[in-house]
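So the structure is just underneath, and the comments pick up after that.
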Amino acid sequence: MGAALSNQQMNEKPNKKIDELQNNEKKQEEEDSIPETNPGRFDNISRESTSILSTETMDGLEVKVNQQLNPFFSMVHTVRFGSVLKPPNYVLSSRFIRKQFALLGDIDQKGYLSARYFQQTTPKLLTTLYAELSPEPKSAAGMDLEYYGKDYTTRLRLLSNKLISLSYLQTLHHPNLYSGLEFTYAGLEKKTYLRSSTKYYKNNDILSLEITNQPYKHFGLYYTKKITNRIGIATDFIYNIDKGISHSSSGIRYDLRKSRFSTIVHSSGSISSSYEELYHPLASLKVSGEVNYQTSNYFFGLKLRFGPDI
């Protein structure tokens, strides 16, 4: 009789089988996941500069209470009052998020309802449905189909106001150069719009260019520089070809451990700033304001958040 098998010999074949299955699962996950060479969404081609140059400012007081009812469902109560620009308002928001889909909705005291549904149809295909219902005749609905390929992203958008949009964004040289084109047909206006975007990235410098005739003929230049992991600066220049006028703005943002400060200077003569402090994981305070030196107008506001940051 042959010698008895050792524990190592007995476990060798099952272990090899397990490793093979794990490797196959890993390969499948890599095939299903969006590759690093994908350029991302067409609308996000100037995201870095926009995030710095779009500081949220407000007047009056806003109080937001977040409730995480379970790992998948959360609710947000938002009350705004004391504003000279907008009337007092209450908004109830809800979010239901799972691995393959998400449902987000908002409704205010006047009956305005907006909802968005995201479905990960396949690992590389995202379907988005959205609708807005209003007591006034302004209701709308739409659908997006967005596909993320190896080195490209394409999107089809259909809106209830007879608007059709198709965009394509291509990686020309990863990770430095991306370029794309968007075609839009507005059925109600019977007009065609084109938008061309290009993005160049090198180290901590990002430069993007946009040329479009929607809603008017103009081009925009956007530049962002990441000075450190916590400090970023951005500037933009937008030129209206039809009217021959231009607008520019420059901003800086500091991201500290428990706070964030940002300020923007506009060529129109206004300066806007905001400061947000996290006092506790369940409480934060934001102070913001804007001063327009040309019109001598100014406003400032406070924003309080209670509950988890969701």
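Each label was represented as a point 7 Å from its Cα along the Cα-to-Cβ direction; for ARG230 and ALA141 these points are 5.0 nm apart. Compared with the direct C-alpha span, the chain from TYR185 to THR121 gains 20.4 nm at full extension, assuming 0.36 nm per residue. For segment 134-149, in order, what is each residue's ³J(HN,Hα) by Karplus, 6.51 cos²θ - 1.76 cosθ + 1.60 with θ = phi - 60°, in whole Hz (x at glycine and Pro)? Computed from phi, the couplings for segment 134-149 are 9, x, 8, x, 10, 5, 8, 8, x, 8, 10, 10, 10, 10, 10, x Hz.
Pulled fully out, how much extra length does the chain show between LEU166 and LYS217, if you take 0.36 nm times their separation in residues and subtract their Cα-Cα distance? Walk me through the numbers on the way to the answer.
Details: separation 51, 0.36 × 51 = 18.36 nm, distance 1.91 nm.
16.5 nm is the gain from fully extending LEU166 to LYS217.
Is the shape of segment 50-306 rounded, prolate or oblate, going by the alpha carbon gyration tensor and its root eigenvalues a ≥ b ≥ c, with a/c under 1.5 for rounded and a/b larger than b/c for prolate? In terms of gyration-tensor shape, rounded.
Relative contact order (percent) for the chain, with alpha-carbon contacts under 8 angstrom and 6 or more residues of separation?
Numbers: 725 pairs, mean separation 46.1, N = 310.
About 15 percent, as a whole number.
For the chain, the longest principal axis of the Cα atoms and the long axis of helix 7-32 meet at an angle of about 30 degrees.
If packing is taken as the average count of other Cβ atoms within 10 Å, what order do 105-112, 141-148 fall into, highest mean first?
On the way: 105-112: 14.2, 141-148: 16.5.
Highest-to-lowest ranking by the protection proxy: 141-148, 105-112.
Length gained on full extension, THR50 to VAL84, computed as 0.36 nm times the residue gap minus the Cα-Cα distance: 9.6 nm.
Give me the net charge for the shell around ASP106: Cβ to Cβ below 14 angstrom, other residues only, Lys and Arg +1, Asp and Glu -1. Walk me through the intermediate numbers first.
Details: positive: LYS64, ARG80, ARG95, LYS110, ARG116; negative: ASP108, GLU132.
Spelling it out: positives minus negatives among the neighbours equals +3.
Shown for segment 117-214: lysine pairs separated by 8 or more places, or found on different chains, whose C-alpha atoms are under 17 Å apart, numbering 4.
We did not get these values from a lab; they are worked out from the coordinates using the rules stated. Predicted model, so just to flag it, every value in this text is computed and none were measured. With ideal geometry, Cβ positions are generated from the backbone for all residues, glycine too; neighbour counts draw on all protein chains shown.
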